[in-house]
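Asks: Have a look at this one.
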Amino acid sequence: LMLARPFVEIDRVAMRYGGAEGTLALQDCSLDVAEGEFVAVVGPSGCGKSTLMRLVSGLWPASRGGVVVAGEEVRG
């Protein structure tokens with residue numbers, strides 16, 4: 001049985017603002033989203049929701065980990 005690859009793959013992503021000693025916004029975040037699937041990202045202010053969306057859209061590069069959308073690595 002061959003399973004389809006997820007449309008969005010977030011693999012152990014981390015994002016730190018301000019270099020190695022800066023503010024940690026996300027750590028070890030992983031998520032797979034299938035094509036046509038609806039996902040809601042919820043949480044309190046400052047938990048990394050907007051940061052995650054910026055990484056998926058390519059507006060910012062991840063400090064660590066990988067993001068793939070439609071089979072292509074997000075690089076910007």
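The values are calculated or read from the model by the stated rules, or taken from the named source; none is laboratory data. Bear in mind the structure is a predicted one, so any value in this text is a computation, not a measurement. Cβ atoms come from the backbone with ideal geometry, glycine included; neighbour counts cover every protein chain shown. What goes into the accessible areas is simple: the full protein's heavy atoms, side chains included, and nothing from ligands, DNA or RNA. Shrake-Rupley method; radii C 1.70, N 1.55, O 1.52, S 1.80 Å.
Asks: What does segment 1-40 give for Rg and for Dmax, in Å, if only its C-alpha atoms count?
Replies: Cα-based Rg and Dmax for segment 1-40 come out at 14.1, 45 Å.
Asks: Moving to a separate point now. Which residues' amide hydrogens lie under 5 Å from the amide hydrogen of residue 25, considering only partners 5 or more residues apart or on another chain, with H built in the peptide plane?
Replies: Close amide H contacts, sequence-distant or interchain: 15, 16, 17.
Asks: Residues of the chain: accessible area per residue at 1.4 Å, in Å²?
Replies: About 73 Å² of surface per residue is accessible.
Asks: Give the residue from 50, 30, 18 lying farthest towards the positive end of the charge dipole for the chain; charges sit on Cβ (+1 for Lys and Arg, -1 for Asp and Glu) and the dipole is referred to the Cα centre.
Replies: 18
Asks: For the chain, take N as its residue count and report Rg(C-alpha) divided by 2.2 N^0.38 Å.
Replies: 1.13
Asks: Here's a follow-up. Who wins for biggest fluctuation among 33, 41, 56 in a Gaussian network model of the chain, springs between alpha carbons below 10 Å?
Replies: Evaluated over the chain, the most mobile residue of the options is 41.
Asks: Can you tell me how much longer the chain between residue 12 and residue 75 gets when fully stretched, taken as 0.36 nm per residue apart minus their C-alpha distance, in nm with one decimal?
Replies: So the extension gain works out to 21.1 nm.
Asks: Just the number, please: carbon plus sulfur as a percent of the accessible area of the chain, 1.4 Å probe, no ligands or DNA/RNA counted.
Replies: That share works out to 55 percent.
Asks: Just to be sure I follow the definition: excluding the sites themselves, where is the longest run in the chain that has none of the GluC sites (Glu not before Pro) in a DSSP loop with at most 10 other Cβ atoms within 10 Å?
Replies: Within the chain, the longest run free of exposed GluC sites (Glu not before Pro) spans 38-76.
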